[in-house]
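The structure appears right after this line, and notes come after that.
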Amino acid sequence: RVVPGRGNTIGGVFAGEPGIVMQQASAFYEEVWTCDAAHRADLVVAALPGEESEQTWENLARAVAVADRVTAPGGAIVVCSELAQRPGKALSLLRDAVDYAEVERRVLRERAVDARAAVEVARALSRGPVYLMSRLPPSLVESLGFTPVGGASELNRLAGSYHRTMVLEDAPRLALDLAYAE
């Protein structure tokens, strides 16, 4: 079993009896990827690291789910990515959606490959704004319910308009240890 390390490296390699390997690899993963969160933030910036193969809707959904756990009520999420991949069947159901709960129900009926990603994104969008910096056309980003972010200067202006900002590097891989009551 290979456990990813920080900076797109291999953190550890485990071999042997499957049950023991899983326990050791899981413990190592938590040691490397657990991040303490003492408070919620008004704006959570979640970064998708890695090359093109890592810039997927699945990783974006994981990043959104992690960020959502530490976003204060009424707060917002920004996902910084190089995502260029078009949305799949389930994610396409988000286009021009008004009722994200209904989208979630439709996604679960579809059983598409990207259903889990679509559900995570729909849940986050239902709770508050989610901004997306990507290589996708802004019109597509908007139609999916995100607010497009055009670049670093726009991200800086956005961050300046929130009281408490938190940055989650390698967001799709993080395991959060929440010090506050959820």
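The values are calculated or read from the model by the stated rules, or taken from the named source; none is laboratory data. Everything quoted here is computed from the prediction, not taken from an experiment. In this analysis, Cβ positions are derived from the backbone assuming ideal geometry, glycine residues included, and neighbour counts consider all displayed protein chains. Side chains are part of the model used for accessible areas, which takes the heavy atoms of the whole protein and leaves out ligands, DNA and RNA. Shrake-Rupley method; radii C 1.70, N 1.55, O 1.52, S 1.80 Å.
Among the residues of the range 141-160, write down those that are over 18 Å from R127 (Cα atoms) and in contact (Cβ under 8 Å) with a residue 40 or more places away in the chain.
V149, L155, L158, A159, listed by residue number.
Across the range 69-95, which residue is farthest from S143 (Cα to Cα) among those that are among the polar types (S, T, N, Q) and either open to solvent by 30 Å² or more (accessible area, probe 1.4 Å) or assigned to a strand (DSSP E or B) (or both)?
T71
Condition (residue is at pLDDT 90 or above and part of a loop (DSSP other than H, G, I, E, B)) applied to the range 33-42: is it met by at least one residue?
No, the range 33-42 contains no residue that is at pLDDT 90 or above and part of a loop (DSSP other than H, G, I, E, B).
Considering the range 148-159 alone, what residues qualify as being within 13 Å of V78 (Cα to Cα) and open to solvent by 60 Å² or more (accessible area, probe 1.4 Å)?
Within the range 148-159, G150, A152, E154, N156, R157 meet the criteria.
Here are some conditions: (1) within 20 Å of D68 (Cα to Cα); (2) buried (at least 19 other Cβ atoms within 10 Å of the Cβ). S126 meets all but one. Which one does it not meet?
Single failed check for S126: (2).
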